[in-house]
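Written out below as structure tokens is the structure these notes cover.
The values are calculated or read from the model by the stated rules, or taken from the named source; none is laboratory data. Since this is a predicted model, take the numbers as computed values, not measurements. Cβ coordinates were reconstructed from backbone atoms using ideal geometry, including for glycine residues, and neighbour counts include every protein chain displayed. Just so you know, the surface numbers come from the protein's heavy atoms only, side chains and all, with ligands and any DNA or RNA stripped out. Shrake-Rupley method; radii C 1.70, N 1.55, O 1.52, S 1.80 Å.
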Amino acid sequence: ASSDHCCPWLRRALRWMGDDTIAAPPNPLTVPWLLECSDLPSVGLVQRSEIEEQGLDDVEQGVNSSVTVLHARGLDARLSSSGPCAKFVVKRASGGASHGVAVFQKWYQRERGFYAEFASQVNGLLQQQDVQMNGATSSLRVPRCHCLGPCDIGLNADNFMLVVEYLDAPAWRAAELGKVMRAPMEGCSDEEALVVARSLGVFHGHFLKDQRRLERCTWLPRTPVHLEHADRIQAYYAGAWEKLSAELPDDTMPGAVMAMCASMADCYALLLWRLAQAPVTLVHGDFRLDNLRFCSASGGAPEVAAFDWQFCCKARGAYDLAYFLGLALPPASRRLLEDSLKQEYARSLQAVAGEISEQVLAELESDLCVALLLIIACFVIGAATAPPSTQEMHHQSLRRLATVALDWNVGRMLPGGQPHSGIKGRLALGVQAL
């Protein structure tokens, strides 16, 4: 039956989940539209409420989406956990320089798909019996979604719009060391890093054991950049590296890592194929401190939440772990802690996923090396194409990633390198014939 013939509460529930009978979301949003097309009435939004959208500061504002904070006042305090006032995040498609890439790579469809298909399940992992039975104490949180907007976001994502929970102070905070707030490039505390490793292992383990469900999600690509575009992206990377290598400050990367970057111009696609080999899991795809927030429970370990799911995909979970290990800690801290972080991740993954985790863990070290090379390639493309305002961030990231590349000897995974198995080329990468 049409949702127009349903009772009002059911019609509203269908529409906040993305019923295409609704009109495109207004900009700015209005109370009548949200009352009809979101679940905000369940957290206190009423007809007399007032709302206002405000921009985020430069630290919080994303480059791939247009992000505002929705201030809601006059909520029904009986339903609102924050009283008569609350804040939410509104995401829309960006009209900036990255918009064409975002549409081509389907970043907006992916983020909407994640919140529609997976978000509520992710937030309930610790309540699931199999997770509890295996003693997991940490699991990744994601913002609660209050409105998905229309299912059909349009060819240019003009109708893309999400309203999600705002992970705001005082409950949530960015990474810190002790009581001193730190910039993302300075890193997180050891305790935070351990919580992230455990939580990521539970998250990856849950989806690792449910391969059929991932296969059914045909909208979810293999690898963060779509495996079917591997050759095209390799050519794009080759051009980006040629440009960047002539402009890069001398202290950014040592010669050995520069040589690795040059080699990837001929084998990027092979590395991407390795990342896509089964068994795969649900991967965030941009798992760095900028996209994480922490919440310290009274007397307990901190909880970690991840947002910005535009790069979510099916891939080896090592990609997220390598992203975090490569950028979340200064080199000296990482060297002291990374074995413990890998062990925490492995224990959580195995506890939740069981037997299927054995192959993943046996290949984890090699997968981390492949993933790190691809992450370096991602930042090379970013540094070659990003606006001047973000160049220093890209260069700092490449410096840190280059240090990890040398520490892990990731060059052994490249054709012509010295992999542990002594096999060269495609076989060295562990790529199966497809």
Practice task
Would you mind telling me which numbered condition in (1) within 17 Å of the chain's Cα centre (by Cα); (2) of a type in the set (S, T, N, Q); (3) modelled with pLDDT under 90 Q105 fails?
Solution key: (3)
Practice task
Output the residue which, of all residues in region 80-119 that are in contact (Cβ under 8 Å) with a residue 12 or more places away in the chain and among the polar types (S, T, N, Q), is most open to solvent (accessible area, probe 1.4 Å).
Solution key: S81
Handout entry: Residue match in region 302-313 (condition: under 20 Å from the mean Cα position of the chain (by Cα) and free of Cβ contacts under 8 Å to residues at least 60 places away in the same chain)
Key = no
Handout entry: Odd one out for S296, checked against (1) more than 18 Å from A197 (Cα to Cα); (2) surrounded by fewer than 22 Cβ atoms within 10 Å (Cβ to Cβ)
Key = (1)
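Matching residues to (1) at pLDDT below 95; (2) open to solvent by 70 Å² or more (accessible area, probe 1.4 Å); (3) not in a loop (DSSP other than H, G, I, E, B):
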position	(1), (2), (3)
H206	yes, no, yes
R212	yes, yes, yes
E215	yes, yes, yes
L220	no, no, no
P224	no, no, no
H229	no, no, yes
R232	no, yes, yes
Y237	no, no, yes
E242	no, yes, yes
Practice task
Tell me which residues, restricted to region 40-65, are surrounded by fewer than 19 Cβ atoms within 10 Å (Cβ to Cβ) and at pLDDT below 90.
Solution key: G55, L56, D57, D58, V59, E60, Q61, G62, V63
Practice task
Go through the residues of region 91-102 one by one and say whether even a single one is at pLDDT 80 or above, assigned to a strand (DSSP E or B), touching a Ser or Thr at 6+ places or on another chain (Cβ under 9 Å) and not basic (K, R).
Solution key: yes
Exercise for the section: Taking L248 as the residue in question, decide whether it is without any contact (Cβ under 8 Å) to a residue 60 or more places away in the chain and either acidic (D, E) or open to solvent by less than 30 Å² (accessible area, probe 1.4 Å) (or both). Expected result: no
